[in-house]
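Since the structure comes first, as structure tokens, the remarks are kept for the end.
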Amino acid sequence: MQNHKSAVQRNQALAKKSGEFLIGGDLRVTRLGFGAMRITGDGIWGEPVGRAEAVRVLRRAVELGINFIDTADSYGPGVSEEIIAEALHPYPNGLVIATKGGYVRPGPNQWVENGKPEHLRSACEGSLRRLRLDRIDLYQLHRIDPKVPAEDQLGTLRDLQAQGKIKYIGLSEVSVRQIQHARTIVPIVSVQNRYSVTDRGSEDVLEYCEKEKMGFIPWFPLAAGRVSSSESPISRIAARWKASPSQLALAWLLARSPVILPIPGTSRVEHLEENVAAAELKVDGNKWQELDRMARAS
Ligand SMILES: NC(=O)c1ccc[n+]([C@@H]2O[C@H](COP(=O)([O-])OP(=O)(O)OC[C@H]3O[C@@H](n4cnc5c(N)ncnc54)[C@H](OP(=O)(O)O)[C@@H]3O)[C@@H](O)[C@H]2O)c1
């Protein structure tokens, strides 16, 4: 598996081996998706160093069977959505692009919540324009802005849904209590929280999503690349199991719950191919427990 090249060449629809999930009960996606935050410049700001490679990454992801791509208006800002459209429009049938609104970006590495209804409405229009879509399949509130009543933020998304601009609504970085409250205002189909084999702060939210059959989309599924560092416990056992640390981290997520939809991010085709090959890696009971114990102890 470490040498994933033959798996990638053998199987053009490799991502399908990760299984499927129905977002909102009807949008069929491969469980292993792609996160498009890393196809921007430093600090998630401006153009990527290699725009041509970013385009290749997206096209290769689709070739390998991925049909679930996560992005946000704030990645770049605008850059990630524009490159997705440049690389993939007209979109192949069944490709689900999830985007987000609710942040503004004063500069590199700066993220400021803005959940005002007028901002969310114009953010959604901007995403529709850049992605060249009439309707966004999954629109996620990037953060619930504490300065604005949640009712106003979610009510705005509910209006956009009623106008046909959004099909489904998701949340990001929320507690179980916030999800429950949001669901009294509008149907919620997915939650995107930080979670990985080495970062288990959202275990309660994952369990809630599993019980409610909502998609759980872990961001930083590779701990922002740290699973591959030489100090990582995952790196230590990966070599023994003939997998790469990233593959092991992704296979662990896929085995953890059927509602998990990992969206690893990369700016490089080589890493993409390595990550997609995790769809074939099975983490059986014993290995799963060893990995789990080691990650919890780290
Ligand atoms: N909802 C939220 O608030 C939120 C926050 C952050 C992210 N997200 C979403 O979650 C997605 C995933 O998060 P992420 O991209 O930040 O973190 P990640 O997937 O945990 O890790 C990405 C990092 O790992 C490196 N990497 C990827 N594959 C690798 C491999 N096989 N070997 C070694 N290094 C590898 C990448 O560098 P290279 O480019 O060099 O491969 C990149 O720096 C994002 O793309 C975005 O869509 C959401």
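Just to confirm, what accessible area per residue do you get for the chain at 1.4 Å probe, in whole Å²? Could you put the intermediate results ahead of the total?
Details: 12520 Å² over 298 residues.
For the chain, the solvent-accessible area averages 42 Å² per residue.
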Greater than 18 Å apart at Cα, pairs in 5/242; 17/167; 242/287; 100/167; 116/147; 167/211: 17/167; 167/211
To the nearest 0.05, how large is the calculated FRET efficiency for residue 175 and residue 211 if R₀ is 22 Å and r is the Cβ-Cβ distance? 0.90
Mean separation of Cα contacts under 8 Å (at least 6 apart) over the residue count of the chain, i.e. the relative contact order in percent, is 20
Per the C-alpha gyration tensor (a ≥ b ≥ c, the square roots of its eigenvalues), the stretch 16-127 is rounded if a/c is under 1.5, else prolate if a/b beats b/c, else oblate; here it's oblate
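Report, for the chain, the % of DSSP beta bridges that are antiparallel, rounded to 5.
Numbers: 7 of 30 bridges.
Here the share of antiparallel DSSP bridges comes out near 25 percent.
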Highest GNM mean-square fluctuation, the chain, Cα pairs closer than 10 Å: which of 199, 137, 70? 199
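Please report the antiparallel percentage of the DSSP beta bridges confined to the stretch 151-298, to the nearest 5.
Details: 1 of 8 bridges.
Around 10 percent of the beta bridges assigned by DSSP in the stretch 151-298 are antiparallel ones.
Give me the percent relative contact order of the stretch 171-262, please, defined on Cα pairs under 8 angstrom at least 6 residues apart. List each step's numbers first, then the result.
Working: 131 pairs, mean separation 23.8, N = 92.
In percent, rounded to a whole number, it is 26.
What percent does the relative contact order of the stretch 43-100 come to when contacts are Cα pairs within less than 8 Å and at least six residues apart? Don't skip to the answer; put the middle values down first.
Numbers: 56 pairs, mean separation 25.5, N = 58.
The normalised contact order for the stretch 43-100 reaches 44 percent.
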Protein accessible area in the stretch 55-122, 1.4 Å probe - carbon and sulfur %: 48
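Compute the orientation-averaged projected area for the chain from the convex hull of its Cα atoms and round it to one decimal in nm². Don't skip to the answer; put the middle values down first.
Details: hull surface 57.5 nm².
If I average the Cα hull's projected area over directions, I get 14.4 nm².
How large, in percent, is the carbon and sulfur part of the accessible surface of the stretch 207-288 at a probe radius of 1.4 Å? Mind showing how you got there, number by number?
Numbers: 1680 of 3270 Å².
Taking all protein chains in place, the stretch 207-288 shows 51 percent carbon and sulfur surface.
The values are calculated or read from the model by the stated rules, or taken from the named source; none is laboratory data. Owing to the predicted nature of the structure, the values given are computational and were not obtained by experimental measurement. Because the Cβ atoms are built from the backbone with ideal geometry, glycine has one as well, and the counts that use them run over all protein chains shown. Ligands, DNA and RNA are excluded from the accessible area calculation, which covers all protein heavy atoms including side chains. Shrake-Rupley method; radii C 1.70, N 1.55, O 1.52, S 1.80 Å.
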